[in-house]
Structure formats: structure tokens, C-alpha cells
Amino acid sequence: MRMPTTDRVPFSAPMLLAVVALAACGSTSPSDTASEDGGLTLGTLSDSGTMGGTDSNGTDSNSNADDSNADGTGSNASDTADSTTDDAPKFDLGGAPDVPGGCGAGGDVEVDESFIWVPGTSDGTVAKIDTRTMLEVARYTIGPSGGVESASRTAVSGDGRFVVVNSRGTGRSTAVAANIADCVDKNADGMITTSQNATDILAWDTDECVVWTTVHADWGGAATAGPRGITWTIGDWNEATCSFIEQKVWLGYLAAAGNAHLVRLDGTTGMLEEDLIVPGWVGSGYAPYGGALDPQDRPWFTGLRGELVRVNTDNDPIDVTRITQPGNIQSYGMTVDPNGNPWMAGCSGPVSTYDVPTAAWVSIPDTSACYRGMAVDQDFHVWVASNGPCELLEIDGATRTLVARHALAQCSTPIGVSVDVDGFVWLVDQAGWAWKIDPDNVAAMQQITISGDHYVYSDMTGGQLKSVTNPPG
């Protein structure tokens, strides 16, 4: 579909930052493991997708390696690209405005859109779904290699304008714009050529709402090393344009020597700005698995059944703090709560949190299964996808107690969990559908079919960054 570039659609999106829920998993007992392709298997943990052909499964053990709490170091690379601003009207979070009244030319702008972005692991795409109408409004190709891209992790910017999708099979990260105002007329024909519905999937490098892509130069080359954990920063609020500028993307991948790279990219261009090397990454042979931001704008990353790492962006030069996880944690999915404490979904293990002020690990009583994605809602309830048994957990984040185990009307392999701007919990099942769930009436969940296989653990809506950031003004 070709749309005039002069048709600058007014943009309105939630002012939310990402509490990313990333995971993978495998079983209901410590001897069982999970396949990254989905489903429960016994014996070893496997990861789908290798470059140049059909997916092959690598193996991995459930054992945890020890690691010290020593700080790592990273270089301070200078910025390589300038951020740009956008003059479209921005957003509000419903109810009392987050954006100051009279901001720029937009005044008090209410939310008029909300999307969930679901990666198509089986075909190298990402689906854009309107969370209010529950219709898939577009689907984008995020790499040239189809299913070999093995897309699995997403992160949505705090203003909802962009999504970045990580392809663990090809070492690629790709950004898509949510609004025509941010798409790029690459061939200068005065039109934006872009997808208009679920079946209108343009060939790679022809959709002009795919705004940048990068293959990380020194990733290890195997699917186990491809980028996974990812989060945005909120950026700086520009009062004149009523928009955020200087938004950054932090993500992690693994180099051939087993060293993790935690890199910062310019959110507008994808240009590399910072590359922190964490030697001897502890993560069962996989790239940094989960990523999320805390209220101090510091990214946290987890290793698969491995270590917990904080990127100290408030230090000069930036460095990292490495924290050993107890062997019983078995971390897969992760997020960060409003108090800045990371949460881990274990497989097989409990749901746990690391209490930063006391440096103590706290596991939630009566939780032990194969847990995958997780998210924190606006009432500080933590929602966790469970594969064994197949259900959705609800935890009170403040009291750190189990609230309920919710049965799902249809259940195969529940994976990703996100919260939209209206406070609805979204649960994506790998087998080809998602649930929209009212936290106050879980039994009335609504189902949407999404064609393909969807292996996703991360933030798909941008709605959860609200948990860890204050609104502008």
C-alpha cells in the first residue's frame, strides 16, 4: 500500500517504558528442560534456528555455573549518529494527562491508539495488532531469511512509536515505525509503501515503515548467540515538540569466545554507540536472555539459568555489576518492578525477585513450574505464563505472595506476557493465538488468532515501562 508522505497521521501513544518479560523454559521438574522452539521436552534444552537453512537444535544443560560479583568494564564509545525529533502530536495515558497541558501545539492529547507487536518466529515477520479492536492491522518482514531469522524478542519504545525485533537466528535487530509520520520515503517518490493488513506482507527491504536494520558484526554465528534480551530507554522529553528524543536501545548477544556484548544503539538510526563486553558470560551457552530497565534508567540482563547483570549507566565510564543467582532460581523470563527490583520466572524453579536494597533473593511461596514470560501491571501485580501446568499466575508484587492460578480457555504453550495502555494483560500462546485479559475478570478473556508460530518473551506493547518511569512534566 502506498500512502502520501504528506498524510502525516496524528500520533498518539502511551507514555510507557518497557518492563520486559523475556524467557524460555522447559519443564515441571528440575530434570526436565524446555525447547526454545516451544513445548516441553525431556533431557536437554534446545534452541531453534541456525543461519543458512532449516532450524537445528543445540543442546544445553540445566546446571548453573558460578560467577563472581566482580564488576566488568566497558568502553565509552562516542555517539555516531544524531537523534532526530518528530513534530507529530504525542500521547497521554488516559485519565489525568501525563503530558503537560498546552504542550507544544498539541495541548492535552488523549490516547487514540495502542498496539501489541507479536513476532512471527516461523516466518521472519512481526504482526501489529490493535489492542482495542483486536484486529491485526499490518505485518512486516524483519529480515531476508524468512523463518531462519527466528524472531523471538521485541521491545517497544516508551512513546509507542517504534518496535525493535531481535532475530536470534541471524544476529539481526530490526526497527519498525508504528506511524506513517515516522516511516521513511526511501525511494523519494513522495509516497510511503507499507503493509495495510495481516496478509499484505511486503518483501524484505520494500516496506518503508521498516526504518533500520543491523546485523551485529561479531555475534557468534549460531542461533544460541543471536540477540535476545532487549529494552529501550525513555529518552529526553522535548517540550517544544511534545515528543521524546535521544531514545536508546540496549540489547545483548554472544560472541564466539563466549563473551557477552551489551550494546547501546541509537533508537532512530540503529547506529552502535556503546559496546560493553562481559567476559565469560554465565548463561548456559546462550546470549543474554532477558532485558529490562529500572527506574534509574539502568538496563538489567539475565542469563539463561545463569547470572544477573546490571548496566551502571550512571557511572563514568559505564560498567556492569554481575550477581550470581542461586542454583534453584533457574531463570528464564524476567522483568523489573516499580521499586527497581528484578523478577525472574524459573523453569524449573520458583518465581523470584532480587531485592536490591538488601541484596537478597526472595522466592514466591507455592510457585515451582516451567514459567516463561512475565509482566507487571499498573496495580503492581506480576503476571507469569506457565507451561507446566498450563496456566497464568497472578502474584501480588508488593507482598510477594501468590494471588491466583488462572486456567486458560485454550492452552498449548503460553509464552509472552505484556500489559497494554488500558491495563489489559496480553498472553501470547506459541501455537498461534493470544488472550486479552481483564485483570478484574480473568475468566472473560478474549482470544485472537495470529497465524504462525510465536516464540516471544519480551515486552510487546511498551505499556510496562510505565511501571518504572515517571511521566514528563
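Quick notes
- Residues within region 326-360 that are out of contact with any Leu (no Cβ under 8 Å at 6 or more places or on another chain), of a type in the set (G, A, S), assigned to a strand (DSSP E or B) and farther than 18 Å from E394 by Cβ, tallied: 2
- Taking region 296-318 as the range and being more than 23 Å from G346 (Cβ to Cβ) and either over 19 Å from the mean Cα position of the chain (by Cα) or acidic (D, E) (or both) as the test, the residues that pass are D297, N312, T313, D314, N315, D316, P317, I318.
- Residue in region 195-203 that is in contact with a strand residue (DSSP E or B) (Cβ under 6 Å, 6 or more places away or on another chain), assigned to a strand (DSSP E or B) and hydroxyl-bearing (S, T, Y) present: no
- Of all residues making up region 183-237, the number that are under 30 Å from E274 (Cα atoms) and hydroxyl-bearing (S, T, Y): 6
- Members of region 132-178 that are surrounded by 24 or more Cβ atoms within 10 Å (Cβ to Cβ), modelled with pLDDT of 95 or more, among the hydroxyl-bearing types (S, T, Y) and assigned to a loop (DSSP other than H, G, I, E, B): S150, T170
- Leading residue by the ranking (modelled with the lowest pLDDT) among those in region 361-388 that are surrounded by fewer than 18 Cβ atoms within 10 Å (Cβ to Cβ) and outside any strand (DSSP E or B): Q378
- In summary, strands (runs of 3 or more DSSP E) completely within region 401-473 and bearing 2 or more residues that are surrounded by 20 or more Cβ atoms within 10 Å (Cβ to Cβ) and in contact with a helix residue (DSSP H, G or I) (Cβ under 8 Å, 6 or more places away or on another chain) occur at 414-419.
- So G235, is it modelled with pLDDT under 95, surrounded by fewer than 23 Cβ atoms within 10 Å (Cβ to Cβ) and on the phi > 0 side of the Ramachandran plot: yes
- Here Q296 passes the criteria (1) under 21 Å from G340 (Cβ atoms); (2) in contact (Cβ under 8 Å) with a residue 60 or more places away in the chain; (3) of a type outside the set (D, E, K, R); (4) outside any strand (DSSP E or B) except the one numbered (2).
- Residues of region 215-242 classified as over 20 Å from D459 (Cβ atoms) and part of a strand (DSSP E or B), total: 4
- From the options A375, A385, residue that is touching a residue at least 12 places away in the same chain (Cβ under 8 Å) and touching a helix residue (DSSP H, G or I) at 6+ places or on another chain (Cβ under 6 Å): A375
- So T233, is it touching a Pro at 6+ places or on another chain (Cβ under 9 Å) and touching a residue at least 24 places away in the same chain (Cβ under 8 Å): yes
- Test: residue in region 311-330 that is under 25 Å from P439 (Cβ atoms) and either modelled with pLDDT under 95 or not basic (K, R) (or both): no
The values are calculated or read from the model by the stated rules, or taken from the named source; none is laboratory data. Nothing here was measured: the structure is a model prediction, and the numbers come from that model. Quick reminder, even Gly has a Cβ in these numbers, built from the backbone with ideal geometry, and neighbours come from all protein chains shown.
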